[in-house]
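Participant: Below is a structure I'd like to ask you about.
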Amino acid sequence: MRVRTRARELALQFLYMLDVQGPEYRERLDEFLADELDGKPGADEAKAYAVRLVDGTTLNRPAVDALLDEAAKNWDLSRMAVIDRNVLRLGCYEMLHEPDVPTKVAINEAIELGKRFSTEQSGAFINGILDRIRKDRGLKV
């Protein structure tokens, strides 16, 4: 598995825990990543990118949630499955705030995370919302 793909998975898992446990849970990120990555190839790079994703998504959460709320017609964020909501947050953050990640890659990685950790239908749901944000923001594919 590629380093950034693994970092995204770990960031998603931790964002899920933050959503359920509350923001004070953030202090456990280093321990969580050490448990998951220590001794594995690419561990340092994966840790650094996972931390960047968790912190960036958390810091930008109000703006990201506003965009998701606007794009998710007839869906309230609080009523979405927790995993889908956090895949969308992560994908939206990465699409808008990680300039070295092409928009297409951010969307595709989010779709795959949704399929892997949620349901097969989550992929289409995530694609629809992130693609709407991409179009609304005038981002290239």
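Participant: Filter the stretch 61-94 for residues that are of a type in the set (Gly, Ala, Ser), within 15 Å of residue 18 (Cα to Cα) and touching a residue at least 24 places away in the same chain (Cβ under 8 Å) and give the result. Spell out the reasoning first.
Facilitator: Start the filter on the stretch 61-94 by keeping residues that are of a type in the set (Gly, Ala, Ser), which leaves 63, 66, 71-72, 78, 81, 91.
Next cut, within 15 Å of residue 18 (Cα to Cα) only: 78, 81.
Hit for the stretch 61-94 is 81, nothing else.
Participant: Are any residues in the stretch 42-72 surrounded by fewer than 13 Cβ atoms within 10 Å (Cβ to Cβ) and more than 16 Å from residue 15 (Cα to Cα), and if so, which ones?
Facilitator: Once the filter is applied, which keeps residues that are surrounded by fewer than 13 Cβ atoms within 10 Å (Cβ to Cβ) and more than 16 Å from residue 15 (Cα to Cα), the stretch 42-72 yields 44, 66, 70.
Participant: For the stretch 80-97, give me each residue that is in a helix (DSSP H, G or I) and within 20 Å of residue 120 (Cβ to Cβ).
Facilitator: We begin by selecting, within the stretch 80-97, every residue in a helix (DSSP H, G or I); these are 82-97.
Result: 82, 83, 84, 85, 86, 87, 88, 90, 91.
Yes or no, residue by residue, for (1) under 24 Å from residue 122 (Cα atoms); (2) part of a helix (DSSP H, G or I):
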| position | (1), (2) |
| --- | --- |
| 27 | no, yes |
| 41 | no, no |
| 45 | no, yes |
| 69 | yes, yes |
| 78 | yes, yes |
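Participant: Take the residues in the stretch 94-120 that are in contact with a Gly (Cβ under 6 Å, 6 or more places away or on another chain) and surrounded by fewer than 24 Cβ atoms within 10 Å (Cβ to Cβ); name whichever of them is nearest to residue 72 (Cα to Cα). Lay out the reasoning, then the answer.
Facilitator: Here is the first cut: in the stretch 94-120, the residues in contact with a Gly (Cβ under 6 Å, 6 or more places away or on another chain) are 97, 106, 110-111, 114-115.
Add one more test, that the residue is surrounded by fewer than 24 Cβ atoms within 10 Å (Cβ to Cβ), and what stays is 97, 106, 111, 115.
Working: 97: 20, 106: 18, 111: 15, 115: 18 Å.
The selected residue is 111.
Participant: Let me ask another. Looking only at the stretch 5-41, filter to residues that are of a type in the set (D, E, K, R) and buried (at least 19 other Cβ atoms within 10 Å of the Cβ); which one of those is nearest to residue 117 (Cα to Cα)? Give the derivation first.
Facilitator: First, pick out the residues of the stretch 5-41 that are of a type in the set (D, E, K, R): 6, 8-9, 19, 24, 26-28, 30-31, 35-36, 38, 40.
When the remaining residues are screened for being buried (at least 19 other Cβ atoms within 10 Å of the Cβ), the result is 6, 8-9.
Values: 6: 13, 8: 12, 9: 9 Å.
Only one residue fits best here, namely 9.
Participant: On the basis of being surrounded by fewer than 20 Cβ atoms within 10 Å (Cβ to Cβ), touching a Ser or Thr at 6+ places or on another chain (Cβ under 8 Å) and either closer than 19 Å to residue 138 by Cβ or small (Gly, Ala, Ser) (or both), does residue 81 make the cut? So that I can check it myself, show each step before the final result.
Facilitator: Values: surrounded by fewer than 20 Cβ atoms within 10 Å (Cβ to Cβ): yes; touching a Ser or Thr at 6+ places or on another chain (Cβ under 8 Å): yes; either closer than 19 Å to residue 138 by Cβ or small (Gly, Ala, Ser) (or both): yes.
Yes.
Quick note: the coordinates plus some simple rules give every number you see, no bench work behind them. As the structure is a computational prediction, the values presented were derived from the model and not from experiment. So basically every Cβ, Gly included, is an ideal-geometry build from the backbone, and we count neighbours across all protein chains shown.
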